[in-house]
Structure formats: structure tokens, C-alpha cells
Amino acid sequence: MSILGISAFYHDSAAVYLSEGKIIAAAQEERFSRKKHDASFPENAIKYVLNEACIPLEHVSAVAFYEKPYIKFERLMETYHRFTPKGLVSFISAMTAWLKDKLFMRRMLKDKLSQLGLDCSKIQFLFPEHHLSHAASAFFPSPFNEAAILTIDGVGEWATTTIGSGSGNQIKMLKEIHFPHSLGLLYSAFTYYCGFRVNSGEYKLMGLAPYGNHNSKAVRAFEKIIVNELIDIRHDGSYLLNMKYFNFATGLTMCKDRLWKSLFGIPKRDPESALTQEYMDMALAIQNVTEQMILQLAQTTKDLTKCDNLVMAGGVALNCVANGKLLKAEIFKNIWIQPAAGDAGGALGAALASWYIGNAQNRSIECDTDKMDGAYLGPKFFSNDIEQTAKRYQARYHHYQEFELLAKDTAELLAKGNVVGWFQGRMEYGPRALGNRSILGDPRNPEMQKKLNLKIKYREGFRPFAPSVLEEDISSYFEIKTPSPYMLLVANVIDKRKKDLPDGYNQMELYERLYHIRSDIPAITHVDYSARIQSVNKKVNERYWLLIHSFKQLTGYGLLVNTSFNVRGEPIVCTPTDAYRCFMRTEMDYLVMGNYLFDKSTQPEWKDISDWETEYTLD
């Protein structure tokens, strides 16, 4: 049986192809359309996954959409009715979209898929609930036969947080928190108020939080305001938002700016304006509250399920700082988080729920191995594709017959302080670049963090970078004993690698703190000594492992700086053409695609007059 999973029409549209329960292909629409967080019908992603499957279109048995549109429409109508007469402008805008397309989702899907050549008269259409899709995406690919399930996001149909349990091929939902009470939307409200884009800048807020003055009166005051005025948190982690202060239910903004200014004593920050200490302290305060709530919810999940394994999904599961604290708390023996935890992963969850629950298929477990194939589920390109791109741009390259020699030479380039674009194998599914569509640097280089942010990514200078470390060496650098293959756990650098902080460090300006050398791997050590870790397993990604191993043989350090292959506002590159264009429009020094090495200094003059700053909307 073949199942096509689809998520669409909110943000991060995606498509997944499942054959007899095996994940064949998965990709987000943004990678093809080049529109970040693209919410449109994932036509290109669907074409890709069906092409990757190499089967006739008539072999598609079912289509699974990641939520129930009628229930979501019911929630919208009840919400507007509850708050009437407020929200008229928002109501008109929402109803226009719903009555035109979204309310008749089955018909729309049939029309769109028929245009792609599918015979929809023979296809079963399934609509699992949003949080069931999240739960299925977390449980069914996990290495556990039984697990507790915690999903937290903005909102699905009604649910915003769910606790469930998975066993074999079944999932049982145990508890739910309903809209408008949402931890995800609370965090997004602070994202908005601190001047970042909602559904895009939440990871920036997380990265800004360590610049807050820990244990300061300001942070404690902000936390007190949050828990006393904005949210009522119960002992079990359940919560209620005080909707007096929020505008997302019926308005066009996240919160009521005037009331928040009165509460916190600072106005909403203008996007791209200077970051002052008040907003760093605010970011730390909401991060602290979020972490505490997740710990409480996790403890309740453990109490309800009595299970030693936890799986997680939903957008809040991408908060890797909170995940690291949860791992350290040892509430559960084992934790597994879906790498495509946001709405893109809903396409996978919908397909898996349809296979295991809807069709009662048996589930087999491979001990200690998940079924995500390292999240390398997207398109792969070959030598002729790379050579065609080179021919199009008259690019010069050196071709290696042996990859081991290329890995050795690339390691030497990295050790000399060069920045390398690294393009290999199948593209990653989910928001993280995991060594197949990555930009790499030397973690020992104290200038690397600044160079990558300002000259390569063209983004805010405060943003941290992640290390990719050989899995077998992870404990030699970080306070963590478990693998972290999907860059979803944060842990501190071990003590012996740390350098002392100067007196008055916490009172320094942001960039004084940032550029102080805190460890012997400064490019990936954040201001609080933490790092967002990706462990690299030789069996899962042999090429990337060989590169890092070559770097270790040369330098003694078995890790590299790894950031996604894109500039600010651009989706991660998909094709060789995407990669070469990004390479030439930035100050990257070298590009490696497959067994081909491109040296920036030998490339012809770049004559493409388009500019990334006008092509992409800043996120």
C-alpha cells in the first residue's frame, strides 16, 4: 500500500511518500519554490516524492492530509463568536480564505492531485487530527515499541498541547489543552514583541535568551509578570492564558502592545533595531518559563503513562535548549524527538497514522535505530547534474576520483580558516542542515562565528552556531552521554575546555560578551557555554563522518562548525544550481558538491545581477 502524506496552507507545507510503511521520500515545498516557510499546496514536493518512488501514479492507494479542516473551521467560528464584535477585520480575512478553498479541502486536494495526473476516483482520502499527526510522526519512526508522547505547538484544530501513549501500532490520547491557551503561541507572542517574525524567529528568541542577565532582578521581574499576569500555570503543567493581554485569537497581531508596554515597561521592539539588554532579559524570562512548563508537562506525562521512553513533536519540540534541560532532568530514560517536528512533519505523521492506525498494520522495531534514515529523505543529485551546473555558469572545478582524498584536502582548507559549502547526497527533511546541505568552518577559530554570521549568512551577529561532532567523541567535548543526531539537544561544553570569564562579564555589551573566547572551540560555544549538538554516525552519513574524521586526524579535533547552506531569508539549498548561486553571492571560500571542489578565487566573474537582499524576505 502506498500513501501520500500532505501538510499545507498554514506554514511549512510538505509531502511524504510511504510504501508499505517505509518512508521513501519527504521534502518541504520551500526547498523547491525558494519561498521560506512556503504554505502553498506542495505541488513540487509531491512531484518529487512520487518521482523518487519510481512507481506509476495509479499505485498511490491513499492520500493523508495532516488535519481535519471542518473541526479547524468550527474552532475559528466559535472563537470569533466568543469574542464578537472584536476581530471583524481578521474574521473577514479568514473567512475569505476558508470559503474559497480551505473548507472544501477534499475537493481541492482532488482537483490539485488530478492536475498532477493522479486518478483520485481510486484513492482513499484520510484526515487524521493535527496533533495525532504530530504524535504519529514522533512515535512510529522512533526506536521504541512503547513510549509516552508529548506534543506542543501553536494550535491544530482545538488542541495546543497533548499527552498520549504509543504501543505497537496504536496511539492513545490521554490529555489535551485547547485553544486559545497555547504555550507555542505564548512563546510566539514574545517572539513578536522582541521584534522577530512569528513562525520564523522563535529560534532567534531562543538564541537571544543566553544574553539575558541570569539571576538578575530584571529577569526575575519579567518572569514574575509572565506567571502572575499572562499565564496561570498549574502544578501538573497545564495552563490558562489571560486573553486580556493577547490579540491572536481574533486580531492580526500576537498581543496587545499597549497593555504589554504597561506590564513590562518597554515598548515592542522594532524589527532590525538595536537589541538592548531589556529584550535579552525578556527573552531569557520567557525561555525560563517555557523550560519549567515543559519539565512539568513531561513529569505529568511520565505519571500518566508510567513509561520510560518519551517521544516529542510539534513546533515547541524544536526548542533544543528546553530539550537539553529535559534530558538532564532524567524524568525519562530515553527521549526521541522528530527532526521535522513542526508542520512539515505533519505530512509524515498523517501518512504513518493512516498506515498503522487506519490500516492496522504491524510495526517492527529495529533496536536503537529510528526509521528516519538520518532525515536524509530529500532529492539527491549526481555528477552529471553538478557538471551541467558548472557548464551553465562556466564554473571551474577540480574533480576527485577518490572521496577520501577530497575529504583530506577539504579538512586542510577548513583548518586554514576557509569557509566551505558542503553539498552531498540526499537533502535533509526538517529545519536543520545535518551535513548534506551545510556550510562548514573550523570550530577552533575565534573569528569564525563572526565571519559566518556577517559575511556568509548575512544575519544578526548574536546568532550562535552548532557543532557537528563524531558520535564516538561527543563526551570529549560536551556534557552529554547520548547521541544527538538531529541537532535537537543543547548541552554545555565540558569544564576542561572552558576558559574563565572576566570580571563584570554579565555587565558587558552584547558583542563584547559574544566575542570573548570562552573555550578552545569558541566558534560553537555560546555565551552561556552551551552548544546545539549534532552527533555524526559513520553508518548514517559516511561521507560527512569521513570529512570530520579527516579534520580530527589533521587537528586533533573531531568536530566542525555546521550551519545551513543558505543566506538569511533563503530556504536551505536544494539543487546544485541553488548551491552554486549561494556560493557565488556570499564570501564562502570553497564549494564541495559530490566529488567536485570549486575554488572561489578561480571562478569567472559573477554576472547575475539579482541580489539576495531583494530576492528573499528577511526572516
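Numbers for the structure displayed
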{"read-out": "Positive minus negative residues near residue 29 (Lys, Arg vs Asp, Glu; Cβ under 9 Å)", "value": "-2"}
{"read-out": "Interatomic Cα distance distribution for the range 422-484, bins of 5 angstrom, percent", "value": "3, 14, 20, 22, 22, 15, 3"}
{"read-out": "Over 23 Å (Cα to Cα) - which of 496/552; 35/539; 416/600; 416/455; 35/204 fall in this group", "value": "35/539"}
{"read-out": "For the range 383-615, fraction of C-alpha pairs farther apart than 25 Å, in %", "value": "38 percent"}
{"read-out": "Antiparallel content of DSSP bridges confined to the chain, in %, to 5", "value": "70 percent"}
{"read-out": "Length-normalised contact order of the chain in % [C-alpha pairs under 8 Å, at least 6 apart]", "value": "16 percent"}
{"read-out": "Which of 517, 294 has the fewest Cβ neighbours within 10 Å, and the rest in rising order", "value": "517, 294"}
{"read-out": "Of the DSSP H helices in the chain, those whose Cα atoms cover at least 20 Å axially and whose Kyte score averages -1.0 or more", "value": "69-83, 277-305"}
{"read-out": "By average C-beta atoms within 10 angstrom, highest first, the peptides 485-492, 26-33", "value": "26-33, 485-492"}
{"read-out": "Residue order, fewest to most surrounding Cβ atoms within 10 angstrom, among 549, 59, 134", "value": "59, 549, 134"}
{"read-out": "Exposure proxy ranking, count of Cβ atoms within 10 Å, fewest first, for 551, 144, 125", "value": "125, 144, 551"}
{"read-out": "Dipole of the range 185-308, positive direction: furthest Cα of 304, 186, 250, with charges on the beta-carbon", "value": "250"}
{"read-out": "Set 68/371; 175/306; 328/450; 68/256 screened for pairs whose C-alpha atoms are more than 19 Å apart", "value": "68/371; 328/450; 68/256"}
{"read-out": "Square roots of 5 times each gyration tensor eigenvalue, C-alpha, the chain, largest first, Å", "value": "35, 32, 24"}
{"read-out": "DSSP beta bridges in the range 383-615 [antiparallel fraction, %, rounded to 5]", "value": "75 percent"}
{"read-out": "Cα-projected label distance for residue 359 with residue 59, points at 7 Å along beta-carbon direction, nm", "value": "1.3 nm"}
{"read-out": "Set 36/112; 302/325; 36/498 screened for pairs whose C-alpha atoms are more than 25 Å apart", "value": "36/498"}
{"read-out": "Full-extension gain in nm, residue 40 to residue 367, via 0.36 nm per residue minus C-alpha separation", "value": "113.9 nm"}
{"read-out": "Packing rank of 345-353, 252-260, 38-46, where each peptide gets the mean count of other beta carbons within 10 Å, highest leading", "value": "345-353, 38-46, 252-260"}
{"read-out": "Ratio of Rg to Rh over the range 1-86 (Cα coordinates, Kirkwood Rh, two decimals)", "value": "1.13"}
{"read-out": "Charge dipole (debye, nearest 20) of the range 183-334; +1 at Cβ of Lys and Arg, -1 at Cβ of Asp and Glu", "value": "120 debye"}
{"read-out": "In range of the label at residue 111: residues from the range 41-60 whose backbone nitrogen is under 16 Å from the point 7 Å along Cα→Cβ", "value": "41-43"}
{"read-out": "Environment charge at residue 488 (Cβ cut-off 11 Å; Lys +1, Arg +1, Asp -1, Glu -1)", "value": "+2"}
{"read-out": "Size of electric dipole in the chain: Cβ of Lys, Arg +1 and of Asp, Glu -1, about Cα centre, debye, nearest 20", "value": "720 debye"}
{"read-out": "Ratio Rg/Rh [Cα only; Rh per Kirkwood] for the range 371-477", "value": "0.97"}
{"read-out": "Separation in nanometres of the label points that stand 7 Å from Cα toward Cβ, at residue 257 and residue 498", "value": "4.1 nm"}
{"read-out": "222 nm mean residue ellipticity, helices alone, for the chain (DSSP H n ≥ 4; -39,500 (n - 2.57); rounded to 500)", "value": "-10000 deg cm²/dmol"}
{"read-out": "Net lengthening on full extension, residue 236/residue 416 (0.36 nm per residue, minus Cα-Cα)", "value": "59.6 nm"}
{"read-out": "Dipole moment magnitude, nearest 20 debye, the range 388-495 about Cα centre, only Lys, Arg, Asp, Glu C-beta charged", "value": "800 debye"}
{"read-out": "Lys/Arg +1, Asp/Glu -1 at C-beta; the chain dipole; positive extreme among 109, 419, 271", "value": "271"}
{"read-out": "Environment charge of residue 426, counting only residues whose C-beta is closer than 12 Å and scoring Lys/Arg +1, Asp/Glu -1", "value": "+1"}
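Read the figures in this text as sums done on the coordinates, not as results from a lab. Small disclaimer: the values here were computed from a predicted structure and weren't measured. For neighbour counting, all protein chains shown are included, and Cβ atoms are generated from backbone atoms with ideal geometry for every residue, glycine included.
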